[in-house]
Amino acid sequence: MFGTLYGIMAAFVVFEVWNQYNTTSQLVDKEAQGLERLFRLSLYFRDDKFTKKMLAAIKNYADLVITDKFRGLGNGERSAEMGKAFRKISELIRDIRFNDNHDSVIFHHIVDHYGQLGLTRTERINQSLTRLPILLKAFLYTSSLFALLTFILMPFSNMYYGFLATGSLGFVLAMVFQLVEDLDNPFVGYWNITPEPFERTIRHIEEDY
């Protein structure tokens with residue numbers, strides 16, 4: 001009975017951190033794609049000067065993300081410099097001047113898209129800073145050690161079988177601990193979310209436009 005309950009709890013914790021990891025990864029991809037779409041929208045203004053400024057602002061923001069490699073978020077911190085670089089894009093949009101219906105339509109599209117991009121960025125940062133509750137992790141580790149201690153103290157009729165069962169359980173628990181700790185912080189450990197989508201966005205803009 002204890003083994004069944006423990007298995008359900010461990011599966012729930014692993015599923016939760018895995019879902020959290022996948023959600024963060026999807027938001028990183030979505031934000032990077034949003035930057036590329038924002039640049040495409042800027043092309044419709046038929047203003048080369050504005051397009052160059054937008055490209056420089058997007059590249060500056062993306063380069064900061066690429067250089068940092070999410071280390072700040074991995075340490076539970078937000079980057080003020082990246083925030084300023086992202087707001088620089090809004091300043092360019094705010095200062096747009098137009099005098100025909102074509103530019104007016106594009107302006108509304110670009111403002112709406114920047115707003116959605118800002119929401120995606122905020123959601124990505126908040127999701128990146130989310131961690132499992134301390135009490136839940138403490139309960140998982142305590143119950144895991146209790147299960148291992150039970151196997152160590154359990155009298156097996158065959159000593160070699162006892163060693164095998166205890167060793168196997170210890171290995172499984174170690175893997176569970178590693179998986180939970182690694183996925184709980186998606187920017188530290190073996191399974192890392194990288195800024196590769198931002199690198200791909202800059203590469204696509206430079207090559208395709």
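The values are calculated or read from the model by the stated rules, or taken from the named source; none is laboratory data. What you see is a predicted model; the values in this text were computed from it and never measured. Quick reminder, even Gly has a Cβ in these numbers, built from the backbone with ideal geometry, and neighbours come from all protein chains shown.
Cβ-Cβ contacts under 6 Å between residues 6 or more apart (or on different chains), taken from a first residue in segment 86-103 that is basic (Lys, Arg) to a second residue that is modelled with pLDDT of 85 or more, are listed as 88/57. Residue pairs whose Cβ atoms lie under 8 Å apart, separated by 6 or more positions or on different chains, with the first residue in segment 196-208 and surrounded by 15 or more Cβ atoms within 10 Å (Cβ to Cβ) and the second among the polar types (S, T, N, Q), are 197/33; 201/33.
Conditions tested, residue by residue: (1) modelled with pLDDT of 85 or more; (2) within 30 Å of residue 63 (Cα to Cα); (3) touching a helix residue (DSSP H, G or I) at 6+ places or on another chain (Cβ under 7 Å); (4) aromatic (Phe, Trp, Tyr).
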{"site": "171", "(1), (2), (3), (4)": "yes, no, no, yes"}
{"site": "175", "(1), (2), (3), (4)": "yes, no, no, no"}
{"site": "192", "(1), (2), (3), (4)": "yes, yes, no, no"}
{"site": "196", "(1), (2), (3), (4)": "yes, yes, no, no"}
{"site": "204", "(1), (2), (3), (4)": "yes, yes, yes, no"}
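Kindly indicate whether residue 182 is free of Cβ contacts under 8 Å to residues at least 12 places away in the same chain, within 17 Å of residue 34 (Cβ to Cβ) and assigned to a helix (DSSP H, G or I). Taking the combined requirement at face value, the residue does not satisfy it. Taking the numbered list (1) of a type outside the set (A, V, I, L, M, F, W, C); (2) within 30 Å of residue 177 (Cα to Cα); (3) in contact with a helix residue (DSSP H, G or I) (Cβ under 9 Å, 6 or more places away or on another chain); (4) touching a residue at least 12 places away in the same chain (Cβ under 8 Å) in turn, residue 72 passes all entries but (4). Quick check on residue 34: is it modelled with pLDDT under 90 and within 21 Å of residue 196 (Cβ to Cβ)? In short, no.
Each row is one residue, and each column tells you yes or no for (1) surrounded by 15 or more Cβ atoms within 10 Å (Cβ to Cβ); (2) modelled with pLDDT of 90 or more.
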residue	(1), (2)
60	yes, yes
66	yes, yes
86	yes, yes
101	no, no
112	no, yes
132	yes, no
140	yes, no
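Residue 135 - would you say it is under 23 Å from residue 5 (Cβ atoms), part of a helix (DSSP H, G or I), in contact with a helix residue (DSSP H, G or I) (Cβ under 6 Å, 6 or more places away or on another chain) and aliphatic (A, V, I, L, M)? For residue 135, the condition - under 23 Å from residue 5 (Cβ atoms), part of a helix (DSSP H, G or I), in contact with a helix residue (DSSP H, G or I) (Cβ under 6 Å, 6 or more places away or on another chain) and aliphatic (A, V, I, L, M) - is not met. The set of residues in segment 93-122 being touching a Ser or Thr at 6+ places or on another chain (Cβ under 9 Å) and farther than 24 Å from residue 29 by Cβ consists of 98, 106. I want to confirm something. Restricting to segment 7-45 and keeping residues that are aromatic (Phe, Trp, Tyr) and over 17 Å from the mean Cα position of the chain (by Cα), which single residue is nearest to residue 118 (Cα to Cα)? So the residue we want is 39.
Screening residue 165 with (1) over 15 Å from residue 10 (Cβ atoms); (2) within 23 Å of the chain's Cα centre (by Cα); (3) aliphatic (A, V, I, L, M) gives one miss only, at (2).
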